[in-house]
Amino acid sequence: MQDQAQERRLVTVLFADFAGFTQLADQMDPEELQVLVSGIFEDLAEEAVAYDGTIEKFIGDAIFVVFGAPVAHEDDPQRALRTALAMQRVFAEHAARLKKERGIELGLRIGVHTGVVVAGSVRSVAEYGVMGDTVNVASRIQAAAGPGEIYVSSTSFRLTNREFSFREVGPIELKGKEKPILVYALTGERTDVRPVIDVSAPLVGRWMELSRLDLAYQSSRLGHTEVVLIAGEPGIGKSRLLSEFTGLATASEEGANSAEAPRVLRWTFSRVNNRAYAGFIEPLMVELRIDVTSADAQTQLEERLAELDFMNPKLVSPILAQFAHLPGAPEPASDSEEWKRTMFIAVYDLIVALARTRPLLYILEDLHYADAASLDLLWFLASRTSRVPLLFLLAQRIGPGTPDPRPSRTNFTQLVLEPLSDEEAARIVEATFDWLPDELRDRIVARAGGNPFFIEESLRSLVESGAVQKDAIGEWTLRDRPSVLEVPATLLATADEVIE
Ligand SMILES: Nc1ncnc2c1ncn2[C@@H]1O[C@H](COP(=O)(O)OP(=O)(O)OP(=O)(O)O)[C@@H](O)[C@H]1O
Ligand SMILES: [Mg+2]
């Protein structure tokens, strides 16, 4: 149905609205109000422009800004959040003044949402709003926020949670939306993502582990479903190993041939985003390029299944639509074992269909945070023989209280990442600051206990404490010999993180 000329774009929409506006309107003469409001708007708009957002509209007492159209940046969601924070700061100044001068309480609510919008030959971005419901969702999220708050949809959250901190709000019902959507309150930009130094040592050691992964991969390519669980303490290098391996697998000789290059689906479970089956719904919908907020998501799904040569896409797509909670899909009639099995088989068929076209690497990280439903489905998929190249790569922290993964099966390998040797650890230090005195290098190594994350943190703390500084020509030098190596609070917090 879609016109060929139509264009799909990912945009982040910021919607900001005054709270307390009616009270203001009651107390002021219209002309004065006009001047006041447009003054505030101008200040807000200035922040948006500074981050290259496009001011779309002033609607009464609201403003909406689009990031990602007509000009797109790689970090549009981040820009939207920085704008939102800046707007709240600016607004707070106005509000404080109004309160003092007139005793009026005024607040700004902001909602942010990222989504795909479809547009034809658009000249003004405003036309996007008519066609996608991204703008509507942003405005509804905004309405749920309290004065002074910035609410962010789970889609925007996922794209930005490395750089920003959030408080979980939970699912909120949106008028006109069948499904509640998960919302987070933005609390600020993270200070622990410190750009001071870029510690990016080349991979040190881990050759044995890489070859074990490759062995499993080669076996999966012969049609055996393989499962490898990488376990280890926080910061020991689980994610890094997985990234290095996928890099090798995609760049290898076989991989260079695009039909053979593996398809990589990757999901990291998190402590806050625990919706049932999260580890499968999200990566699969992304891989199938389905816009899960769009009204025709079900049609898209059916089309993709047909492309994957499903014999009966019409039969399977409603099941998967329910599984993924696509708009318009009914809630499952029952929670029965029978329904669960139907659903699991549909997901299995989908994964097999994907793997049939190209080897499939299915990566699930931070399994210790996984929801029970995802685990249930994972072990179901892992225990079926598929005859297609399918490799599950799992990473999990071990520590007190971590659940045991699973009784081992023949296709199940567990790799426990041991600490790096002192000699390997020293190489990470040298890759970053090769001029550090040996004695200091050794002290860092001794403290880190073979944990690469601890090494990186020690190096960062050298910079933060001022012991290491850039000199006039931009070279790092040691200012004074630190008598103690500080262990930063963030590091302690990570190390002590209780595993639920
Ligand atoms: N073998 C290695 N050589 C060089 N750097 C490494 C190595 N292993 C890990 N690192 C670096 O150490 C840091 C921590 O590693 P990583 O994030 O992979 O740990 P993790 O085990 O996944 O931790 P978490 O349990 O917190 O997820 C990263 O910056 C990573 O690049
Ligand atoms: Mg990790």
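The values are calculated or read from the model by the stated rules, or taken from the named source; none is laboratory data. Being a predicted model, the structure only gives us computed values, none of them experimental. Heads up, the Cβs are rebuilt from the backbone with ideal geometry, glycines too, and the neighbour counts pull from every protein chain shown.
Suppose we keep only residues that are farther than 20 Å from residue 236 by Cα, surrounded by 14 or more Cβ atoms within 10 Å (Cβ to Cβ) and hydrophobic (A, V, I, L, M, F, W, C) within segment 447-484. Which one would you say is modelled with the lowest pLDDT?
Across segment 447-484, the extreme among qualifying residues is 476.
I'm trying to understand the selection: among the residues of segment 220-244, which are touching a residue at least 60 places away in the same chain (Cβ under 8 Å) and either of a type in the set (D, E, K, R) or in a helix (DSSP H, G or I) (or both)?
220, 221, 226, 233, 238, 239, 240, 241, 242
Do we find a residue being under 19 Å from the mean Cα position of the chain (by Cα), closer than 30 Å to residue 450 by Cβ and of a type in the set (Gly, Ala, Ser) anywhere in segment 241-252?
Yes, segment 241-252 contains a residue that is under 19 Å from the mean Cα position of the chain (by Cα), closer than 30 Å to residue 450 by Cβ and of a type in the set (Gly, Ala, Ser).
Could you give every pair whose Cβ atoms fall below 7 Å, whose first residue belongs to segment 288-306 and is under 22 Å from residue 357 (Cα atoms), and whose second residue is among the small types (Gly, Ala, Ser), counting only separations of at least 6 or pairs across chains?
Once the first residue is under 22 Å from residue 357 (Cα atoms) and sits in segment 288-306, its partners that are among the small types (Gly, Ala, Ser) give 290/297; 301/317; 301/321; 302/317; 305/317.
Among what's in segment 485-500 and is away from ligand 1 (no atom under 14 Å from the Cβ) and among the hydrophobic types (A, V, I, L, M, F, W, C), pick the residue that is modelled with the highest pLDDT.
Once the filter is applied, the top-ranked residue is 485.
Which condition number does residue 420 fail, the rest of (1) assigned to a loop (DSSP other than H, G, I, E, B); (2) away from ligand 2 (no atom under 16 Å from the Cβ); (3) at negative phi being met?
(2)
Counting only residues that are of a type in the set (A, V, I, L, M), closer than 18 Å to residue 397 by Cα and more than 6 Å from ligand 1 (Cβ to nearest atom), how many does segment 232-249 have?
Residues meeting the conditions: 2.
Out of segment 365-379, which residues are in a helix (DSSP H, G or I) and within 16 Å of ligand 2 (Cβ to nearest atom)?
Those that are in a helix (DSSP H, G or I) and within 16 Å of ligand 2 (Cβ to nearest atom): 367, 368, 369.
Being loosely packed, with under 15 Cβ neighbours inside 10 Å and acidic (Asp, Glu) is the filter; apply it to segment 17-42 and report the residue that is nearest to residue 151 (Cα to Cα).
Per the criteria, the residue is 42.
Tell me yes or no: at least one residue of segment 206-227 is more than 16 Å from ligand 2 (Cβ to nearest atom), aliphatic (A, V, I, L, M), more than 25 Å from residue 367 (Cα to Cα) and modelled with pLDDT under 90.
no
When you scan segment 352-362, how many residues do you find that are under 21 Å from residue 376 (Cα atoms) and either touching a residue at least 40 places away in the same chain (Cβ under 8 Å) or not assigned by TED's automatic domain parsing to the domain that holds residue 282 (or both)?
Result for segment 352-362: 6.
Let's see how each residue does on (1) under 18 Å from residue 141 (Cβ atoms); (2) under 34 Å from the mean Cα position of the chain (by Cα); (3) at pLDDT 85 or above:
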{"position": "3", "(1), (2), (3)": "no, yes, no"}
{"position": "28", "(1), (2), (3)": "no, no, no"}
{"position": "74", "(1), (2), (3)": "no, yes, no"}
{"position": "83", "(1), (2), (3)": "yes, yes, yes"}
{"position": "90", "(1), (2), (3)": "no, yes, yes"}
{"position": "95", "(1), (2), (3)": "no, yes, yes"}
{"position": "100", "(1), (2), (3)": "no, no, yes"}
{"position": "113", "(1), (2), (3)": "yes, yes, yes"}
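Pick from segment 436-475 the residues that are within 30 Å of residue 416 (Cβ to Cβ) and among the charged types (D, E, K, R): which of them is nearest to ligand 1 (Cβ to nearest atom)?
Per the criteria, the residue is 456.
When residues of segment 335-351 are filtered for being touching a residue at least 40 places away in the same chain (Cβ under 8 Å) and of a type in the set (D, E, K, R), how many remain?
Going through segment 335-351 one residue at a time, the tally reaches 0.
For segment 72-115, which positions are over 14 Å from residue 148 (Cα atoms), small (Gly, Ala, Ser) and outside any strand (DSSP E or B)?
72, 80, 103
Specify which of the listed residues (169, 183) is at pLDDT 90 or above, away from ligand 2 (no atom under 16 Å from the Cβ) and β-branched (Val, Ile, Thr).
183
Determine which single condition residue 386 fails, assuming it passes every other condition in (1) over 14 Å from residue 269 (Cβ atoms); (2) among the polar types (S, T, N, Q); (3) touching an Asp or Glu at 6+ places or on another chain (Cβ under 8 Å).
Among (1) over 14 Å from residue 269 (Cβ atoms); (2) among the polar types (S, T, N, Q); (3) touching an Asp or Glu at 6+ places or on another chain (Cβ under 8 Å), the lone unmet condition for residue 386 is (3).
Filter segment 307-317 down to the residues that are in a helix (DSSP H, G or I) and without any contact (Cβ under 8 Å) to a residue 24 or more places away in the chain and list them by number.
307, 313, 314, 315, 317
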